[in-house]
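Q: Dropping a structure here in structure tokens format, bear with me for questions.
The values are calculated or read from the model by the stated rules, or taken from the named source; none is laboratory data. As the structure is a prediction and not an experimental result, all values here were calculated from the model. As a convention, Cβ positions derive from the backbone with ideal geometry for all residues, glycine included, and neighbour counts pool all protein chains shown.
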Amino acid sequence: MPIKPSWGSRIFDSLNVTLLLAFALITVIPFIYVIAGSFATQKELLQRGFILFPTEYTLDAYKYIFSTPTLVRSLLVTVYITVVGTLINIFFTCMMAYPLARKDMDFRKPILLLVVFTMLFGGGMIPTFLVVKQLGMINTYWSLLIPGAISAFNLIIMRNFFQQLPDGLEESAKIDGCNDLGIFFRIVLPLSLPAIATFSLFYAVGHWNTFFNAVLYINDHTKWPIQVLLRQIVILASGGVGDSSSMEADFVAPPEQSVKMAVIVVSTLPILLVYPFLQKHFAKGVLLGSVKG
Amino acid sequence: MKAQAYPAAKPSAWMGRFMRNRWLYFMVFPGLLYFLVFKYWPMYGIFIAFKDYQPFLGFWDSPFVGLKHFERFFSDSNFLVLFRNTLILATYNILFFFPLPIVIALMLNELRQEFIKRTVQTLVYIPHFMSWVVVVGIAYIFLTTEGGMVNELLVRYGGEKINFLVSNEWFRTIITAEVIWKETGWGTIIFLAALAGVDPQLYEAARMDGANRLRQLWHITLPAIRSTIIILLILRLGHFLDTGFEQIFLMLNAMNREVGEVFDTYVYSVGISQGQYSFSTAVGLFKSVIGLILVVVSNHLAKKFGEEGIY
């Protein structure tokens with residue numbers, strides 16, 4: 001039988017709810033501001049300074065940015081990198097994680113040690129840059145796809161996940177004449193789809209938000225992913241979106257606020273669309289991370 | 001069981017074992033190659049910190065100069081500035097950001113209304129999925145002197161415009177505020193998971209003993225997540241020097257470099273922009289070694305506290 005809550009308890013509750021809603025509001029207001037601003041007219045933005053609910057809506061900012069080749073091209077680059085990159089990530093992570101989860105695999109301790117050490121120490125920015133350069137990956141999409149192909153952290157979690165699968169599975173498949181490759185593709189992978197989904201989404205978010213690697217490795221602005229273009233338009237504001245010839249050389253008047261906001265919305269929206277699907281998985285994914293191997 | 005089938009270390013037995021696991025080796029090979037090329041080859045490349053690396057001479061033929069670059073760096077006035085900036089930003093992070101996810105998780109845990117709890121959680125997780133470019137972009141739009149919301153409000157209520165984005169005084173505050181906005185909600189997840197494991201009977205018993213909500217919080221909830229807090233704090237200390245690189249890189253400009261430049265951004269500007277590969281590799285190596293020491297020490301500490309440690 002629940003006891004009737006005391007006054008102290010009720011005050012505690014209402015204060016708690018109020019503070020949490022306030023915190024949630026602080027988190028959300030910037031989005032509303034940016035989304036609202038992207039639909040507002042320049043006149044209203046200038047007059048009112050800031051808007052949470054514009055009085056008149058206009059799609060001008062969106063029409064403008066989608067009429068420029070630069071933004072559309074950058075979006076396509078990002079979509080390409082996200083899709084191909086995530087496939088590469090998942091394929092190589094799982095391929096390597098599975099043998100390391102098998103107890104009959106030789107050298108699995110030293111290989112694991114090799115992997116774990118990279119989490120503690122690394123060559124750093126310049127030596128990595130020089131390796132990528134020597135491999136001839138500068139200015140190619142490979143530089144955004146391959147140097148981060150496997151996350152050591154995800155690999156180890158994936159290995160722990162594979163280890164939890166019952167041993168009998170492999171035994172019986174072997175008796176049925178399946179080799180290790182067959183076991184992996186036909187039995188282990190299908191059983192691991194929830195984990196694969198979680199990691200795909202994490203990797204995909206990483207690719208969608210890829211920024212610094214592109215700054216390092218991609219000089220050719222026609223190959224810029226959306227985040228680099230976004231920085232150019234919103235933070236550096238040194239060129240217009242429509243200026244496709246050379247972003248930095250020709251100084252064009254900085255874009256209007258509503259255009260900046262529209263670019264932010266467009267470069268974030270796909271993530272927000274993925275989010276509902278992601279949400280039910282990621283708590284589990286984070287918890288997987290706390291499983292020790 | 002399987003090992004017993006091949007007890008002797010005869011060459012043929014070894015061969016047989018190899019053949020039996022050939023597909024496993026086949027599968028592990030690409031990943032192994034990846035780690036060797038993209039993780040270990042750069043580690044080998046660190047040696048250019050001890051050479052005067054010239055691209056046209058190549059790695060081997062560039063002249064060996066010993067500790068020249070390190071000496072230059074340590075006697076450089078930039079060294080102290082970088083160290084100070086990195087330390088202050090990291091300290092701000094631990095003081096102002098670190099406790100917040102714990103507080104919010106505790107508050108969420110006390111929420112009775114499942115619907116409000118779920119709504120708040122959904123909303124506060126979102127910023128974690130945005131790139132730093134977007135977060136910094138939004139900050140720019142809010143803080144700019146040309147029609148930014150904050151300055152408009154300041155002017156409207158009789159204040160003066162503040163040039164937030166190009167000032168030394170505001171840089172650290174803005175950096176910390178951005179981190180808080182982006183990651184606080186996400187940071188609650190791990191604490192909420194720890195809280196979910198608390199035995200409800202403990203609360204029942206405490207209520208019987210007449211403990212009010214605050215007392216329950218103090219005597220049951222907090223001790224329950226103590227070890228999670230300690231281990232996360234120690235992990236954080238292990239990465240003390242890793243101030244958010246992308247974020248600082250994006251917030252940095254000519255006007256706030258004095259307080260904003262940290263080791264990572266310095267490595268970029270000296271190495272990539274100015275092409276001083278050897279010198280900036282030395283700077284990066286210095287930071288990596290300190291980082292490695294911090295990780296090892298903090299892991300040792302974690303074990304001393306009776307926690308599992310990270311390795």
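Q: Return the residue satisfying two criteria in turn: it lies in the stretch A:10-40 and is more than 9 Å from chain B (Cβ to nearest Cβ), modelled with pLDDT of 90 or more and farther than 30 Å from residue A:59 by Cβ, and of such residues it is nearest to the chain's Cα centre (by Cα).
A: A:22
Q: Given the structure, is residue B:101 buried (at least 18 other Cβ atoms within 10 Å of the Cβ) and at the interface with chain A (Cβ under 7 Å from one of its Cβ atoms)?
A: Criteria not met by residue B:101.
Q: Identify, by number, the condition in (1) more than 27 Å from residue B:296 (Cβ to Cβ); (2) at pLDDT 95 or above that residue A:111 doesn't meet.
A: (1)
Q: Picking from A:119, A:125, which residue would you name as being within 12 Å of another protein chain (Cβ to nearest Cβ) and buried (at least 17 other Cβ atoms within 10 Å of the Cβ)?
A: Result of the check over A:119, A:125: A:125.
Q: OK, next. Take the residues in the stretch B:230-252 that are modelled with pLDDT of 90 or more and more than 12 Å from the chain's Cα centre (by Cα), then tell me which one is surrounded by the most Cβ atoms within 10 Å (Cβ to Cβ).
A: Restricting to residues being modelled with pLDDT of 90 or more and more than 12 Å from the chain's Cα centre (by Cα), the top hit is B:250.
Q: For residue A:67, are the conditions met, namely being surrounded by 16 or more Cβ atoms within 10 Å (Cβ to Cβ), over 30 Å from residue A:157 (Cα atoms) and out of contact with any Ser or Thr (no Cβ under 7 Å at 6 or more places or on another chain)?
A: The answer is no for residue A:67.
Q: In a helix (DSSP H, G or I), under 30 Å from residue A:141 (Cα atoms), away from every other protein chain (no Cβ under 14 Å) and in contact (Cβ under 8 Å) with a residue 40 or more places away in the chain: which single residue out of A:93, A:70, A:82 fits that description?
A: One residue alone meets the criteria, A:70.
Q: OK, next. Of the residues B:122, B:145, which single one is more than 8 Å from chain A (Cβ to nearest Cβ) and more than 17 Å from residue A:38 (Cα to Cα)?
A: Testing whether each residue is more than 8 Å from chain A (Cβ to nearest Cβ) and more than 17 Å from residue A:38 (Cα to Cα) leaves just B:145.
Q: Oh, and also: I'm trying to understand the selection: among the residues of the stretch A:45-63, which are in contact with a helix residue (DSSP H, G or I) (Cβ under 9 Å, 6 or more places away or on another chain), at pLDDT below 90 and assigned to a helix (DSSP H, G or I)?
A: Across the stretch A:45-63, the qualifying residues are A:45, A:46, A:48, A:60, A:61.
Q: Applying the selection to the stretch B:104-119, what residues are facing chain A (nearest Cβ under 9 Å) and without any contact (Cβ under 8 Å) to a residue 60 or more places away in the chain?
A: Those that are facing chain A (nearest Cβ under 9 Å) and without any contact (Cβ under 8 Å) to a residue 60 or more places away in the chain: B:107, B:111, B:112, B:113, B:116, B:117, B:119.
Q: Which of the residues that make up the stretch A:166-187 are surrounded by fewer than 21 Cβ atoms within 10 Å (Cβ to Cβ) and in contact (Cβ under 8 Å) with a residue 40 or more places away in the chain?
A: A:167, A:170, listed by residue number.
Conditions tested, residue by residue: (1) within 30 Å of residue B:236 (Cβ to Cβ); (2) facing chain A (nearest Cβ under 10 Å); (3) at pLDDT 85 or above; (4) not in a helix (DSSP H, G or I).
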| site | (1), (2), (3), (4) |
| --- | --- |
| B:150 | yes, yes, yes, no |
| B:162 | no, no, yes, yes |
| B:169 | yes, no, yes, no |
| B:176 | yes, no, yes, no |
| B:185 | yes, yes, yes, no |
| B:188 | yes, no, yes, no |
| B:194 | yes, yes, yes, no |
| B:202 | yes, no, yes, no |
| B:215 | yes, no, yes, no |
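Q: Another question about this same structure. Can you work out which of the residues in the stretch B:41-95 that are part of a loop (DSSP other than H, G, I, E, B) and exposed (fewer than 13 other Cβ atoms within 10 Å of the Cβ) is modelled with the highest pLDDT?
A: By that ranking, first place goes to B:67.
Q: Still on this structure, I have one more. Please verify whether the stretch B:227-247 includes one or more residues that are closer than 21 Å to residue A:13 by Cα and in a helix (DSSP H, G or I).
A: Scanning the stretch B:227-247, I find no residue that is closer than 21 Å to residue A:13 by Cα and in a helix (DSSP H, G or I), so the answer is no.
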